[in-house]
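Please treat every number below as a calculation from the coordinates, not as lab data. These numbers were taken from a predicted model, which means no experiment stands behind them. Every residue, glycine as well, gets a Cβ built from its backbone with ideal geometry; the counts of neighbours run over all protein chains shown.
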Amino acid sequence: MTDTLRVNDAGTTAPVASLGAQDKGGRMGRNRSTGRPVRSVIKHLILIVASIIMVYPLLWMLSSSFKPVNEIFTSTSLIPRTLKLSNYVRGWSAIPGFTFARFFINSVTITVGAILGNLISCSMAAYAFARLKFRGRGIFFSIMLMTLMLPYHVTVVPQYIMFSKLHFVNTFVPLVLPKFLATDAFFVFLMVQFIRGLPRELDEAARIDGCGHFRIFVNIILPLMVPALATTTIFTFIWTWNDFFQSLIYLTQPANFTVPLALNSFLDTTSGSDWGSMFAMSVLSLVPVFVAFLLGQRFLVRGIATTGIK
């Protein structure tokens with residue numbers, strides 16, 4: 001391997017890399033370029049397999065909602081032998097005296113109340129922690145964050161006793177009223193982080209124009225908090241819609257059942273369970289969750305990304 005000389009523009013000569021070194025560098029570049037597609041293909045295959053594993057139970061439930069009961073657990077195929085809608089018809093009115101529309105209305109009522117409560121109370125509490133200066137603000141904020149580590153089961157007994165003495169058991173009040181008291185510390189923290197990212201010059205400019213804290217909060221802060229508010233709305237909707245434990249504790253009459261409680265009514269430990277009808281109504285109960293997530297996915301990602309939560 002010998003180096004060659006090349007005449008540059010100035011008329012002088014300069015050494016050029018040897019042909020062997022050029023060949024070696026070229027082979028290394030080709031090896032790297034051919035290795036990247038292989039790694040990309042392997043990565044995508046792993047992701048596809050993992051996605052199929054995660055989606056399969058959902059597809060199996062959707063397929064089982066169209067199968068007769070004797071075929072649900074005897075066939076693993078996702079394609080029903082005979083496509084029937086009898087499970088949906090039977091499941092819609094399976095609970096005596098009520099149709100499933102009643103339970104959807106109950107769930108919508110509780111969910112809308114919980115969303116409004118969290119949006120109003122958590123945003124106001126977040127503005128107080130992020131913008132107002134008062135004695136003990138840091139201590140109160142720390143105590144609020146500590147409640148995130150407190151399991152709900154620790155407080156369920158005293159809460160039930162309190163609501164029982166107020167005669168609120170078997171009503172929607174215990175499921176909605178706490179939301180208006182800023183009890184969800186996660187959403188307060190999320191909004192505090194978002195408000196802290198907003199420039200204080202906006203508040204000062206509004207204060208020069210004669211605005212008080214209420215007008216600053218309503219006219220300046222709230223319009224800029226749309227991503228955080230949308231994130232709160234989506235999470236509250238999903239958590240409240242799928243909540244089973246609290247509904248099981250406070251709602252005892254079928255007329256007040258939510259969708260999760262109504263689905264639980266299809267299970268019977270003493271006799272045969274109507275699996276087909278339960279799967280059919282489960283599919284219907286998932287539709288609002290999918291719609292809410294698909295419509296708000298853009299705001300959800302933006303809200304989390306702009307609040308500093310990793």
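Annotation for segment 119-136 versus segment 169-215: alpha-carbon center distance of 6 Å. Given their separation in residues at 0.36 nm each and the Cα-Cα distance between them, Arg298 and Leu224 gain 25.1 nm when the chain is fully extended.
Among the trypsin sites (Lys or Arg not before Pro) in segment 191-235, those located in a DSSP loop and surrounded by at most 15 other Cβ atoms within 10 Å of their own Cβ are Arg200.
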